Amino acid sequence: MTNDGQPIPVIIDCDTGVDDALALLFAVRHPGLDLRAVTCVAGNTDVDGVVRNTLTVLEQAGAPDIPVARGAALPLIEPARSARHVHGEDGMGDIGLPAPTRAPADVDAVTLLRREILASPRPVTLIPTAPLTNIALLLRTHPEVTRNIERIVFMGGAVACGNATPVAEFNVWHDPEAAAILLTAGVPITMYGLDVFQRVVVPGADVRRLRASAEPGARLAGELLSHRPATPDVGADSEAGGIGDAGAVCAVVDPAGITTRLLPVEVSLAPGPTRGQTIVDRRPRPGESEIHIGDRERHLVDVALDVDVDRFVKLYLTAVERA
Ligand code: BDR
Ligand code: CA
């Protein structure tokens, strides 16, 4: 809730995506959030697949009226490189979901983002859970939107280890230039990176309960969690599943569930093995580079360094199982 007791206005920009779908289910069901629009971008699968999956999830979640718009089909410079090996051929774990019954909005994602951000009576929190192409295009096309953005909480980047490459996380690696533009937005930014993303795992017993639910949205959450793309290593609990991108939405509802530090972050744009890495400066004092060469322009970001796993699992389940 906002300080005046109203639900927080949010917009999710996603590449649905098994865990993006988990994020949408949570956002629709949590009473403290007002999901005003969803915009789609190429990432886990092609953008038309993302639009289809997003519309289907919102219908299954009982929220068929939320505006959905199609966005960028390609990153700014790179070719599109899907993650179908993780998210299935349909980008949704191939769990046999029906096609949606409605079409997306007749405006593109950037237009819808601008319209909904500026129309919101209270500043909007943007939650990108995908490559940042739409957000970069928005910031470059309509920079005035930042006057009504409260914060951007994005799933992307990593302090320690990458997934797309040894050092780069998929969403940033897919469109590094777009991620670099995001950092120039001039609004508060929270980076919900791989370091916390991979840790929030729903135990197998809860996943079984969700899958057995008679309520379609909760059952869908169970099916998606059992596909568990975000948790390659769940240890002994083989039915456990990670909430992935949904953790970034939890961090909007309950910021105290993550521990953040305001740190300089930059995206490596150089070709080669570091491309797409988020370089997070945790040094306690300037180094020789700053002393001898000087400071480069770097942007301060609230970087999530730790997460209260039990708190977010409980938060997630309570919202999704809400009647
Ligand atoms: C991110 O990449 C995608 O596969 C997931 O949906 C998540 O947004 C994790 O690196
Ligand atoms: Ca995603």
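Every number in this text was worked out from the coordinates using simple rules, so none of it is lab data. Just so it is clear, the model here is predicted, and its values are computed rather than measured. Heads up, the Cβs are rebuilt from the backbone with ideal geometry, glycines too, and the neighbour counts pull from every protein chain shown.
Quick rundown of the values:
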item	result
Cβ-Cβ FRET estimate between ARG311 and ASN3, R0 fixed at 35 Å, reported to 0.05	0.95
Residue among GLY43, GLY242, GLY204 with the largest mean-square fluctuation in a Gaussian network model of the chain, springs linking Cα atoms under 10 Å	GLY204
GNM top mover of ALA21, ALA42, ALA105 - the chain, alpha-carbon springs below 10 Å	ALA105
10 Å-binned pair-distance histogram of the range 30-73 (Cα, whole percent)	29, 50, 20, 1
Ranked list, fewest to most other Cβ atoms within 10 Å of each Cβ, for HIS87, HIS299	HIS299, HIS87
Proxy reagent accessibility, fewest Cβ within 10 Å first, across ILE135, ILE66	ILE66, ILE135
DSSP-defined antiparallel bridges as percent of all bridges, the chain, nearest 5	40
Packing rank of 253-261, 6-14, where each peptide gets the mean count of other beta carbons within 10 Å, highest leading	6-14, 253-261
Largest-first ellipsoid semi-axes for the chain, taking √(5λ) over the Cα gyration tensor eigenvalues, angstrom	29, 22, 20
5 angstrom amide H check on VAL303, placed H, neighbours 5+ away	MET191, ARG261, LEU262, LEU263
Sorted by Cβ density within 10 Å, fewest first, the residues HIS292, HIS142, HIS30	HIS292, HIS142, HIS30
Most positive-pole-ward Cα, MET155, LEU113, VAL124, against dipole of the chain from beta carbon charges	VAL124
Spin-label proximity, ASP108 to the range 170-199 - amide N less than 17 Å from point 7 Å beyond Cα toward beta carbon	178
Dipole magnitude of the chain, debye to nearest 20 (Cβ charges: Lys/Arg +1, Asp/Glu -1, about Cα centre)	320
